[in-house]
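Right, one structure below, let's go through it.
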Amino acid sequence: MATLKDVAKETGLTVSTVSRVLNNRGYISADARERVYEAMKRLNYQPNELARSLSKQTTNTIGVIVPHIDHPYFARLLSSLETAAYKSGYKLLLFNSGERDEKEDRYLEMCKGSRVAGIILCSGRVETQCFEGLGVPLVTVERFLESGTAAVECDNRQGGRLAAKHLLERGCRKVVYLGGENEENMLADDRALGFMEVCLREGLEFLDPGREKDAGLYASLDYHSYIEKILEAHPEIDGIFASSDVIAAQVIQICGKKGIRIPEQVKVVGFDDCGLASMTTPSITTIRQPVDEMAQLAVEMLIRANRNELVPSRTTLPVTLIRRETT
């Protein structure tokens, strides 16, 4: 059975350097890291994860809690997080909460028991007090917690502004924001604020259907009845800003069923720019979140905080308008 010394001999590096690679400590060049991993593969060397976790109190594992693993946005985010973690010598321990408080509480306890290096939280339902005494860095994505280590978010309000300006430029005069958020206050709510800000300033008629309080919509990701009700109540609508591409895709379905032509009669702007946006017919004009960059930052900040380095408490990245066929 291969040992640490065998790996060091194979790579031409010192034992201490190989150890730093395995424990992800200190500066390691990309070349040295790759040589160690290649040598481990050739020698079939398996590091003792249990012994390493006991010696340094944590593992090279990052706990990630998401509310919907099957949501296109979170699927994309998870892929980006995994890529960023792997490049830094970490792996993910994934928890799919389904927006259930009791599951998220339990998952936090499992993260503690698994000696994770830190937690990336992508859910809005966990109560703040659950993080007391966590003992590891907590990085949030699209949620800000005073008790968190760091938060990474996109400029949601600017996204709303961009959507309103684009619909105005495309000739829309009576518009609506379709949110369907859950019951918790989230950073995504700023999309509506930015949208209304431009509508009021530019004299664009804004139809407010009222904030949807049915948490079941967000949990099921089925907005069809919600969308249909609003379109039937307001047939004069000629522009729609959907708070996600999932909602925008369902707008396309409902309009198709009702014989409403997009973009001739109604123009639609989504949010996220997940893979779904370019797969619908017509394809969705949307506000792109820089998901890859957000994931990279979240992982970097967690690792830095785990090394007791200072990290910014809040980082906001810009969004961009992606023009496609719905406008």
Worksheet entry | Order by protection proxy (mean Cβ within 10 Å, highest first), peptides 304-311, 158-165 | 158-165, 304-311
Worksheet item: How many percent of the accessible area of the range 263-327 is carbon or sulfur, using a 1.4 Å probe?
Response: 49 percent
Response to the item:
On the formula 1/(1 + (r/R0)^6), with r taken between the Cβ atoms of LEU221 and LEU4 and R0 of 41 Å, the FRET efficiency rounded to 0.05 is 0.30
Fill in: LEU92 long-range amide H proximity, modeled H, under 5 Å
ILE62
Worksheet item: Amide H to amide H under 5 Å from GLU205: which residues, 5+ apart in sequence or cross-chain, H placed 1.01 Å off N in plane?
Response: VAL175
Worksheet item: If amide H atoms are built 1.01 Å from N in the plane of the peptide, which residues on other chains or at least 5 residues away come under 5 Å of the amide H of ALA151?
Response: THR140, ARG314, THR315
Worksheet entry | Charge dipole (debye, nearest 20) of the range 187-327; +1 at Cβ of Lys and Arg, -1 at Cβ of Asp and Glu | 180 debye
Discussion item. Sort 221-231, 313-323 by packing, meaning the average of other beta carbons within 10 Å per residue, with the highest value first.
Written reply: 221-231, 313-323
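The values are calculated or read from the model by the stated rules, or taken from the named source; none is laboratory data. Please read these numbers as outputs of a predicted model, since none were measured by experiment. Every residue, glycine as well, gets a Cβ built from its backbone with ideal geometry; the counts of neighbours run over all protein chains shown. Note: areas computed on protein heavy atoms with side chains; ligands, DNA, RNA excluded. Shrake-Rupley method; radii C 1.70, N 1.55, O 1.52, S 1.80 Å.
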